[in-house]
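Take a look at the structure below.
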Amino acid sequence: MKFIRLFVLLLVTCGFAGHSAIAEEADTVARKKIVELLPEDFQPAFTKETVIKLNAIVRRSFDAINEYDDNIKKIRTVVAESSKSGASKESMEMAQQKLAHVKMLNEKSKAALKDMMAAATELRNSDEIYNKAILAGMIDFVEDVEREISAQQNKLEKMLSEV
């Protein structure tokens, strides 16, 4: 997940660098076709209150996936070791503790998703003008986090149940 975020950041950075042939071509086209945009042509993506609310939910999801990313390799190793035949009682207890940590992160991601869906429904039912593409991206991110952590929890539970 960290690699994907880094890759996207790299693409965005490269896109703004302006040193590629595509950027130069776009600049040439832009000079040929100048469109004047006035201040009243710009609208914020969300109201201040809405962006604070949505960003707080996305942040909770972001924190969960970062904690997950920081710990999952060690968790997988502990669970794999305890899944071997003849694993010690201490190893099994450690694996259960690690699984409990993943469950806690999964609960956080599910709560963030529930809150995001409620906030999105509330926003759609309001008369507030908002950017649908940005909202969809926020929802996708929160859903992806929940899906990844949930899938890993199921996989780890299955490994431990087969012992």
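The values are calculated or read from the model by the stated rules, or taken from the named source; none is laboratory data. The shown structure was predicted, so the numbers you read here are calculated from the model rather than taken from an experiment. Note that we place each Cβ from the backbone using ideal geometry, even for glycine, and neighbour counts take in every protein chain shown. Accessible surface is based on the protein model in full, side chains and every heavy atom, while ligands, DNA and RNA are left aside. Shrake-Rupley method; radii C 1.70, N 1.55, O 1.52, S 1.80 Å.
Below, the figures for the structure above:
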{"item": "Region 73-163 - accessible surface per residue (Å², probe 1.4 Å)", "result": "61 Å²"}
{"item": "23 Å tail of the calculated P(r), region 83-163, as % of Cα pairs", "result": "41 percent"}
{"item": "Positive-end residue of Ala64, Ser91, Val79, charge dipole of region 50-97 with Cβ unit charges", "result": "Ala64"}
{"item": "Heavy-atom accessible area ranking, 1.4 Å probe, most first, across Arg59, Arg76", "result": "Arg59, Arg76"}
{"item": "Extension gain from Asn55 to Glu81, taking 0.36 nm per residue of separation minus the Cα-Cα distance", "result": "5.5 nm"}
{"item": "Protection-proxy order for peptides 86-93, 60-67, 137-144, each taking the mean of Cβ atoms within 10 Å per residue, highest first", "result": "60-67, 137-144, 86-93"}
{"item": "Too-long pairs where the Cα-Cα distance tops 19 Å, listed order kept, from Lys53/Lys108; Lys74/Lys103; Lys98/Lys158; Lys48/Lys108; Lys74/Lys98", "result": "Lys48/Lys108"}
{"item": "Kirkwood Rh and Cα Rg combined as Rg over Rh, evaluated for region 34-134", "result": "1.27"}
